[in-house]
2 protein chains.
Amino acid sequence: MIPYQIIEKKSRGDVLNDGEIRDFINGYTDGSIPDYQMSALLMAIFIRGMNTDETLSLTRCMLESGERMDFGALPGFIADKHSTGGVGDKISILLAPIMAVLGVYIPMISGRGLGHSGGTLDKLESIPGFNVNLSLEEWRKLVMEEHVGLIGQTGTICPADKKIYSLRDVTATVRSIPLISASIMSKKIAEGIQGLVLDVKTGNGAFMQSLDDSRTLAKSLVHIGNGYGIKTTALITDMNQPLGKAIGNWFEIRESVLGLQGDGPEDVMEITYALGAEILQMANPDLSREEAIKRQKKTISDGSAFEKLLKIVALQGGDPKVLENMETYPKTRYRESIKANQSGYLTHIDTMAMGFAGIQLGAGRRVISDRIDYSSGMYIHKRLGEKVDAGAEVLTLYSNDENALKEVKKQLSTSLSFTDSPAAIPPLIVEKIQ
Amino acid sequence: MIPYQIIEKKSRGDVLNDGEIRDFINGYTDGSIPDYQMSALLMAIFIRGMNTDETLSLTRCMLESGERMDFGALPGFIADKHSTGGVGDKISILLAPIMAVLGVYIPMISGRGLGHSGGTLDKLESIPGFNVNLSLEEWRKLVMEEHVGLIGQTGTICPADKKIYSLRDVTATVRSIPLISASIMSKKIAEGIQGLVLDVKTGNGAFMQSLDDSRTLAKSLVHIGNGYGIKTTALITDMNQPLGKAIGNWFEIRESVLGLQGDGPEDVMEITYALGAEILQMANPDLSREEAIKRQKKTISDGSAFEKLLKIVALQGGDPKVLENMETYPKTRYRESIKANQSGYLTHIDTMAMGFAGIQLGAGRRVISDRIDYSSGMYIHKRLGEKVDAGAEVLTLYSNDENALKEVKKQLSTSLSFTDSPAAIPPLIVEKIQ
């Protein structure tokens, strides 16, 4: 079957078989199929979709294009957590050390900022010296000895996904459930994990904004994970407002540290514990949810989770002192406040606009070559449903770019809505898919 | 508007505005938008379609990407004919000299073989020495002095179309009504013509197999032509069997010469005269169809149309002697016959299979770098509806490639169906769109 015919078949909406998917993905990975044919196929998949068999085939091809970790017989459960991405989502930075302290092995491969959404790797790199580019061997050693290692996708893990991902990013084919599913799951399966908890975001700051789409994505991810013998559950969680108060790389590291020191925002802690409980219950099905949460809280109150983060930071080349003395971190030159222009209940936050505003302030990249300004970002002081007095500060913006700051201030002044009476607030954890 | 957002908009099925189409096409033509983004947009257009305004914008962008001929005030009507492509379609080679003799100026820019379908340029090049790569200036002079010049698309005529066309050809986005419409019409409008007759093929040997699709395409083409002030009509004609008996480059030139000598197949002559009558009636609305056909027949009976062809061939570097002594043309080394395996009425011909078979015999290119064997091809001796006796020869295949010949003989033996009683035969000229 020639590439042309495979593209044509999918463009008609027909189902591709395993061999066709394999030939095309392998041909693209080895360079015999050019970018322009792959982008035509990606667009056909984007519009026509893929069924679960096709998605499984695609996942398998991506997985088999590279190395797959095998930790062998470790004296503990090997698991990971993945979020589909939102604004202010720093959960991995809290969850990884908590799980490590509780005996779980977390071989975490994370991503960078994407679209309006931040990335764990960028956040970690705001810690001076932190190295996310360990070799697979160094990382493996770290996971086995310290229970956790935090790296980015290497050239040898799912190279097919890596190549296809960059193409999707410039051809408007990112937001496709089968393509997202195969991309996420191939990398997670390659980690050699036994359990996976997915945080599938829904709402106006998520890639999948409708609950229906989020549910479809969650089911697709869980289906693939279970198909590979990985215990997989997904929590669909609300992204109609930023998670926590901090948006921006260092600000989010700071908020994570506060969380590990017992001073984190309620929503951040609730999601951390809920995802952690999923992992702990996978590792030990007899454990109650209450007990799973209690154990996690203890790693905060006794300081062991924060100690673990400091250790990991140090082992990955970072400077732990800046986490112990956070006021020493460089400040931005400029700041601006956005105040409520009326009294009322905060009923709507344009979360995606906030994510894009963060990028404009310097916290993300507009093009791949942009350098991130780790000190920039914003704090949101009010939450959906909260009563706000006219003139109260709702957002504080920080940037080293005075023009961007002014521009963002103007843009975000229309990103909040207030009503006279309190409106229904979406639940933080919407539902569980397993 | 960035390319990404334009692709995304079309992938959702939204309508692109003129500025968006212009930015994308210009960006692609000047190289600032890469192939892979254009192929994603082409696939989105292929699946989602374009409305008439979008198609007009696309046509305009392609047209304005290059030179547009202007013949100024010529003492005669300037017109052209275009076929959407089929098997055995050699009408241009007869029609151009007939029209030229009758005073019409025919600045004809033709194409090469495409998919299963042959191309006028390839056929002309089977005449030793014939040069289809004249400069626009040489061509212009030929048209003005001899009323007809036969060339291929140059780099300066619709370069945007040329670049997009090659990409469509390898990304399975050829068979799209808006893309076909803009591609055909931009080139025809660039010829500087006043009238255009379109031969839109329908049936199992056409790119648009259903009458509905053919009608939609015809209407789209006519709409664009009229929008540019060109008198445009379309005949939808049957392509459920090859046109004439000859398939293959030299064989089709030979059949055209026979036609101009008064010995052409009935269907070839009927379509030639019908298309010619359209042009003559555009040039002179008072002329009756009968008179228009009578005048054309006279150019055959008095030998003037054949004389004109000989002159054009000579002026474009070709050897006219081979047209006067056609038996001197090189023959293929091998030939094979396919005979009817039963008696009955011929009710079905797999016309597309015949087109592809011609390519396999050497008459077309499988990849762009293939060299055509101009002597190869086939003759079909029976027509739909004809009573055939068991054992009668239906097809004669000619090739210099013995293996290909055997392969094609096997393939084509199932390409014909017979029934005991005569079935309804589709009309040759189905309808007229204006």
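Brief remarks on what is shown
- Using alpha-carbon coordinates, inclination of helix B:159-170 to the longest axis of chain B, degrees: 60
- Peptide A:165-172 has a mean of 5 when you count, residue by residue, the C-beta atoms of other protein chains within 10 Å of its C-beta.
- Ordering B:ILE177, B:PHE130, B:GLY113 by Cα displacement along the dipole of the range B:91-191 toward the positive end leaves B:ILE177 in first place; charges were set at the Cβ atoms of Lys, Arg (+1) and Asp, Glu (-1).
- Helical mean residue ellipticity (222 nm; -39500 (n - 2.57) per DSSP H run of 4+; nearest 500) of chain A: -14000 deg cm²/dmol
- Using alpha-carbon coordinates, inclination of helix B:211-227 to the longest axis of chain B, degrees: 50
- Loop-located trypsin sites (Lys or Arg not before Pro) in the range B:1-67, at most 12 other Cβ atoms within 10 Å (DSSP): B:ARG12
- Relative contact order of chain A, pairs being alpha-carbon contacts under 8 Å that are 6 or more residues apart, as %: 18
- Other copies of B:ARG333: label-to-label distances in nm, shortest first, labels 7 Å along the beta-carbon direction: 7.9
- Computed from label points 7 Å out along Cα-Cβ, the spacing between B:HIS348 and A:GLU327 is 8.7 nm.
- Tilt relative to chain B, helix B:18-29 - C-alpha long axis, 0 to 90 degrees, to 10: 70
- The rotation axis that maps chain A onto chain B passes nearest to the beta carbon of this chain A residue, listed with its distance in whole angstrom: A:MET43, 2.
- Förster radius 60 Å - calculated FRET efficiency between A:GLU64 and B:ASP263, Cβ distance, rounded to 0.05: 0.40
- Of the residues A:GLY362, A:LEU315, A:MET352, the one whose Cα sits farthest toward the positive end of the charge dipole of the range A:312-364, with +1 on the Cβ of Lys and Arg and -1 on the Cβ of Asp and Glu, is A:GLY362.
- Relative contact order (%) - the range B:312-423, alpha-carbon pairs under 8 angstrom, separation at least six: 39
- The per residue volume of the convex hull around the alpha-carbon atoms of the protein assembly as shown is 204 Å³.
- If only the Cβ of Lys and Arg carry +1 and only the Cβ of Asp and Glu carry -1, the dipole of the protein assembly as shown around its Cα centre is close to 60 debye.
- Every Cα-Cα pair in the range B:332-419 was counted, and those over 21 Å apart are 29% of them.
- Cβ-vector label at 7 Å, A:HIS381, separations to other copies in nm: 9.6
- Using a 7 Å projection from Cα along Cα-to-Cβ, the label point at B:GLU407 is separated from the same position in the remaining copies by 5.8 nm, smallest value first.
- Relative to the Cα centre, the charge distribution of the range B:79-324, modelled as +1 at Lys and Arg Cβ and -1 at Asp and Glu Cβ, gives a dipole magnitude of about 480 debye.
- Whole-Å distance, taken between Cα centres, linking the range A:49-65 and the range B:208-285: 47
- Projecting label points 7 angstrom from Cα along Cα→Cβ for A:ARG371 and B:ASP420 puts them 8.8 nm apart.
- Label zone at B:ASP319 (point 7 Å along Cα-to-Cβ), backbone N below 16 Å, the range B:121-155: B:124-131
- Computed extension gain for B:ALA390 through B:MET144, at 0.36 nm per residue and net of the alpha carbon distance, reaches 83.2 nm.
Readers should treat all values here as calculations from the given coordinates under stated rules, not as data from a laboratory. Note that this is a predicted model, so its numbers are computed, not measured. Because the Cβ atoms are built from the backbone with ideal geometry, glycine has one as well, and the counts that use them run over all protein chains shown.
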